1. With respect to the numbered conditions (1) open to solvent by less than 60 Å² (accessible area, probe 1.4 Å); (2) among the aliphatic types (A, V, I, L, M); (3) within 19 Å of the chain's Cα centre (by Cα), which one is the sole condition not fulfilled by A245?
2. Tally up the residues in the stretch 205-228 that are open to solvent by less than 80 Å² (accessible area, probe 1.4 Å) and within 14 Å of F108 (Cβ to Cβ), please.
3. Is the stretch 76-86 home to any residue that is touching a Leu at 6+ places or on another chain (Cβ under 9 Å), surrounded by 21 or more Cβ atoms within 10 Å (Cβ to Cβ) and in a helix (DSSP H, G or I)?
4. When A454 is evaluated against the numbered criteria (1) open to solvent by 10 Å² or more (accessible area, probe 1.4 Å); (2) in contact with a Ser or Thr (Cβ under 8 Å, 6 or more places away or on another chain); (3) not polar (S, T, N, Q), which criterion, by number, is the only one it fails?
5. Can you run down the residue pairs with Cβ atoms below 8 Å, 6 or more apart or on separate chains, where the first is in the stretch 35-62 and farther than 17 Å from G129 by Cβ and in a strand (DSSP E or B) and the partner is open to solvent by 20 Å² or more (accessible area, probe 1.4 Å) and of a type in the set (D, E)?
6. Starting from residues that are modelled with pLDDT of 95 or more and closer than 11 Å to A445 by Cα, keep the ones in the stretch 461-482 and report whichever is surrounded by the most Cβ atoms within 10 Å (Cβ to Cβ).
7. Does the stretch 23-37 contain at least one residue that is modelled with pLDDT of 95 or more and within 36 Å of the chain's Cα centre (by Cα)?
8. Take the residues in the stretch 229-242 that are of a type outside the set (A, V, I, L, M, F, W, C) and on the phi < 0 side of the Ramachandran plot, then tell me which one is surrounded by the fewest Cβ atoms within 10 Å (Cβ to Cβ).
Amino acid sequence: MSDVVAIRRALISVSDKTGLTDLGQALAARGVELVSTGGSAKALREAGLTVRDVSDLTGFPEMMDGRVKTLHPKVHGGLLALRDAHADAMAAHDIAPIDLLVVNLYPFEATVASGADAATCIENIDIGGPAMIRAAAKNHAWTTTIVDPEDYAALLAELDAQNGATTLAFRTAQAAIAYGRTAAYDAAVATWMSRDDPAPRRVAAAAQLAQPLRYGENPHQGAAFYTDGSGRPGVATATQHQGKALSYNNINDTDAAVELVADLGKAPAVAIIKHANPCGVATGDSLAQAYGRAFDCDRVSAFGGIVALNGTLDEDTARAIVQIFTEVVIAPDATEAARAVFAAKKNLRLLTTGPLPDPRVPRRMMKQVAGGWLVQDHDTGHVSASDLKVVTKRAPSDAQMQDMLFAWTVAKHVKSNAIIYAKDGATVGIGAGQMSRLDSSRIAARKAEDVAEALGLPQSAAVGSVVASDAFFPFADGLLAAAEAGATAIIQPGGSMRDADVIAAADAAGLAMVFTGQRHFRH
């Protein structure tokens, strides 16, 4: 093993040709022989560089539409050979050392994200690239491996600092990056291939560092943010237009906010999130109206919250939002006038997503526990009016039915136990995350009283509202608390051993109640 290894020959084969010709010119200027394949060789030659084909190195032609070109002993021997221990074998078989490997892989993740058919996705599974990367990275005692264009500058700086060589420390660091890349790549392939299997034998996660974070949920916790390469719209792929860097909690809360508004359909809708729970959600004739109604649900909690919109942020809505301190605003887009309003608030982060995430597209959710992982499908459950079963003597009106469907959608995004009071397409009370459903119901009712006080209403905002419960009422007490607060209709999953008692209590209170047959626990 040698600490410093001179770079005399480089094998370059890249799908992402960002910076390729500049790198080739810089290596050639340092006296490095260039060996390449296919499109990479063509691009380098068009830049006026002398390039040796891999087929010339191996004495074997590329074949099978390019599927077989680098899988050859003269390539892998050149990458894997220990220069001090394998010199005789290299001489006997005319294997020349390859000191530098520059490879990035077929764009499998991007191909899947584009919605390509299975045959196209399969053709974008790289074989030779990962094999070469793993070989070179294993032999980092002698071979330098570069897999990301962003590391080209660091490579050239290393060559300049070491008079055309690389140090063991540099090669080791790049080998770790290389193995991380192949691991993530294989994880992406395995995830795609097992996409229809609810319990694959092995589950792997692929992630790319997006940004280091100052800390996690608390200052004593280290943290970083990674993207999964799927290209799915949301906070991970959003463009930040202004404001300081997002924190761990900002990202977590913003994700909750954008997933909620994406679930609310096409009508103008706004969600205000605090600590990953909605404190106000509303629809309206405009985003400005929807924001005002969402804000009215909990004016205290909205301070320092996250605001998500399902349409283009306009000037009127922006002016309403800046009336209080807001951490993050996320929307599909924002007008120039809206951006100008926000420009005066330097710390407010504005993010745009383009299209919102499709809440019905299935994906896997992973949660780490001590010694393992919990894996489940994303909650894509939805119900429509035709799915609901009226179980009380009184049936809900059409207006109540619409409010119940709205409240049910919001409940899906509230930590369990969740109770949602809603009226006219807006939440008026939210009870979240309590150990008792009765406590959640009481908290939501008290929030509705706060709304009435803030708006100067003569009675609780819960009067005439509908209530959604994310899971069944195990006893009638939670339902009776809603009735006492003034609710007139209930939507809940049903399925309790005491359903008959709960239905009887609803009938006695004059409530309309429907069962969804589906629950929305969110822990």
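The values are calculated or read from the model by the stated rules, or taken from the named source; none is laboratory data. For clarity, every value in this text was computed on a predicted model and none was experimentally measured. FYI the Cβ positions are ideal-geometry reconstructions off the backbone, even for glycines, and counts take in every protein chain you see. Heavy atoms of the whole protein, side chains included, go into the accessibility calculation; ligands, DNA and RNA do not. Shrake-Rupley method; radii C 1.70, N 1.55, O 1.52, S 1.80 Å.
1. Result: A245 passes all but (1).
2. Selection size over the stretch 205-228: 1.
3. yes
4. (2)
5. R52/E33
6. So, considering only residues that are modelled with pLDDT of 95 or more and closer than 11 Å to A445 by Cα, the one surrounded by the most Cβ atoms within 10 Å (Cβ to Cβ) is V467.
7. yes
8. In this case the residue turns out to be T239.
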